[in-house]
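All remarks here apply to the structure that follows.
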Amino acid sequence: MEYGTIFLVGAGPGDPDLLTLRAARLIERAQVIVHDGLVSPEIMAMARPDARLISVAKKRARHTLPQDDINLLLVREAKKGHDVVRLKGGDPLIFGRGGEEAELAKAHGVKVEIVPGISAANGMAAATHIALTHRDAASIVSFVAGQCKGLSDQDWSGLAGKGRTLVIYMGVKTAPQIAEKLMADGLTPDVPVAVVENAARADMRVVRGPLAGLPDLVESHKIKSPALIVIGDVTAREDAHLEHIALEAHQ
């Protein structure tokens with residue numbers, strides 16, 4: 001039997017209008033869709049009626065399937081001759097573990113195609129008008145994961161500060177450690193920070209404050225994942241649109 005193909009597809013931040021045409025077409029025709037919890041219901045509704053939908057949603061410390069089992073699931077389905085869409089929030093290769101899935105599939109002789117998606121950071125930047133790079137504020141932007149083993153031992157020196165923007169994924173639960181770590185690395189307590197919950201979705205919230213107040217910001221506003229923490233001067237530029245969003249978030 002000829003193997004099917006595994007398509008690692010980025011679903012973007014949730015709005016179907018932000019899918020690539022390639023992603024939309026694959027979702028609409030897929031026999032099997034293995035999807036994350038961050039993929040919106042609106043995008044899942046695009047699947048054909050007879051498609052088999054398999055949820056592998058992950059939450060902190062609680063996974064429907066461990067990643068190794070997800071990798072094997074994709075390979076098993078493809079070896080049955082099914083084309084499999086592995087649908088991920090954001091982009092498959094930006095904190096999406098798409099690299100691991102692609103490597104195992106190739107090791108088993110299964111064809112893989114990767115379809116990029118709008119990452120959470122890119123969607124957030126567009127929705128909030130926070131320019132991740134700006135001629136007057138930042139010429140470097142870095143992405144890091146705030147929820148990982150050995151956080152305190154990681155070297156983030158040089159990733160944040162004057163002329164730089166740092167975007168932290170999965171940092172809500174570790175906000176106190178993140179603030180402490182960055183200040184220990186030399187950032188001043190008053191460095192501006194924005195926390196964006198549900199970036200680029202209808203229920204997006206934006207709250208802002210100084211780095212030293214990051215833990216209180218997250219706690220007092222009851223910020224929940226998915227959320228991004230953006231650190232740098234770009235979050236504090238005077239912009240009527242940003243001020244309006246921040247005001248709404250505080251109400």
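Short-range pairs are left out: with C-alpha atoms under 8 Å and at least six residues apart, the relative contact order of segment 57-138 is 23 percent.
Put ILE54, ILE43 in order of accessible area, highest first, and with a 1.4 Å probe you get ILE54, ILE43. Residues TYR3, TYR169, ordered by accessible area of protein heavy atoms at a 1.4 angstrom probe radius and largest first, appear as TYR3, TYR169. For the set ASP36, ASP136, the ranking by accessible area, highest first and with no ligand, DNA or RNA atoms included, is ASP136, ASP36 under a 1.4 Å probe.
Measuring nothing but how far apart in sequence close Cα pairs (under 8 Å, 6+ apart) lie, relative to its length, segment 132-244 scores a relative contact order of 30 percent. Highest mobility in the GNM of the chain, judged by mean-square fluctuation with C-alpha springs under 10 Å and restricted to GLY123, GLY37, GLY89, is found for GLY37. Entry comment: accessible area of segment 1-92 is 49 Å² per residue, from protein heavy atoms only and a probe of 1.4 Å. Taking each of LYS58/LYS88; LYS88/LYS162; LYS88/LYS111; LYS162/LYS224 in turn, the alpha-carbon distance tops 22 angstrom for LYS88/LYS162; LYS162/LYS224.
Near ALA105, once Lys and Arg are set to +1 and Asp and Glu to -1 for all other residues with Cβ below 12 Å from its Cβ, the sum equals 0. Once the Cα-Cα distance is subtracted from the 0.36 nm per residue extended length, the GLN154 to SER55 segment shows a gain of 32.5 nm. Each Lys and Arg contributes +1 and each Asp and Glu -1, all at the Cβ; summed about the Cα centre of segment 97-179, the dipole is approximately 160 debye. Distance between the C-alpha centres of segment 4-52 and segment 154-210: 31 Å, rounded to the whole angstrom.
Using the Cβ of LEU228 as centre and a radius below 15 Å, the other residues enclosed give a net charge of +2, where K and R count +1 and D and E count -1.
Roughly how many Å² of LYS111 are accessible to a 1.4 Å probe, to the nearest 10? Its heavy atoms expose roughly 130 Å² to the probe.
Here the mean projected area of the convex hull built on the C-alpha positions of segment 1-137 is 9.4 nm². For a straight C-alpha distance cut-off of 19 angstrom, the lysines reachable from LYS222 (same-chain residues fewer than eight places away being disregarded) are LYS59, LYS173. Ignoring ligands, DNA and RNA, what percent of the 1.4 Å accessible area of the chain is carbon and sulfur? The value for the chain is 52 percent carbon and sulfur by accessible area.
Taking the DSSP bridge list for the chain and keeping only pairs wholly inside it, about 45 percent are antiparallel.
Between the beta carbons of LYS79 and LYS222, assuming R0 = 35 Å, the FRET efficiency works out to 0.20 to the nearest 0.05. Between ALA45 and HIS134, the contour length at 0.36 nm per residue exceeds the alpha carbon distance by 28.3 nm.
Counting other Cβ atoms within 10 Å of each Cβ, which trypsin sites (Lys or Arg not before Pro) in segment 1-87 have at most 15 and sit in a DSSP loop? Taking segment 1-87 and a limit of 15 other Cβ atoms within 10 Å, the loop trypsin sites (Lys or Arg not before Pro) found are ARG60, LYS80.
Note: relative contact order over the chain, using C-alpha pairs below 8 Å and six or more positions apart, is 19 percent. Dividing the summed -39500 (n - 2.57) terms of all DSSP H runs of n ≥ 4 by the residue count of the chain sets its mean residue ellipticity at 222 nm at -8500 deg cm²/dmol.
The values are calculated or read from the model by the stated rules, or taken from the named source; none is laboratory data. Note that the coordinates shown come from a computational prediction; the quantities given were computed from them, not determined experimentally. Cβ coordinates were reconstructed from backbone atoms using ideal geometry, including for glycine residues, and neighbour counts include every protein chain displayed. Ligands, DNA and RNA are excluded from the accessible area calculation, which covers all protein heavy atoms including side chains. Shrake-Rupley method; radii C 1.70, N 1.55, O 1.52, S 1.80 Å.
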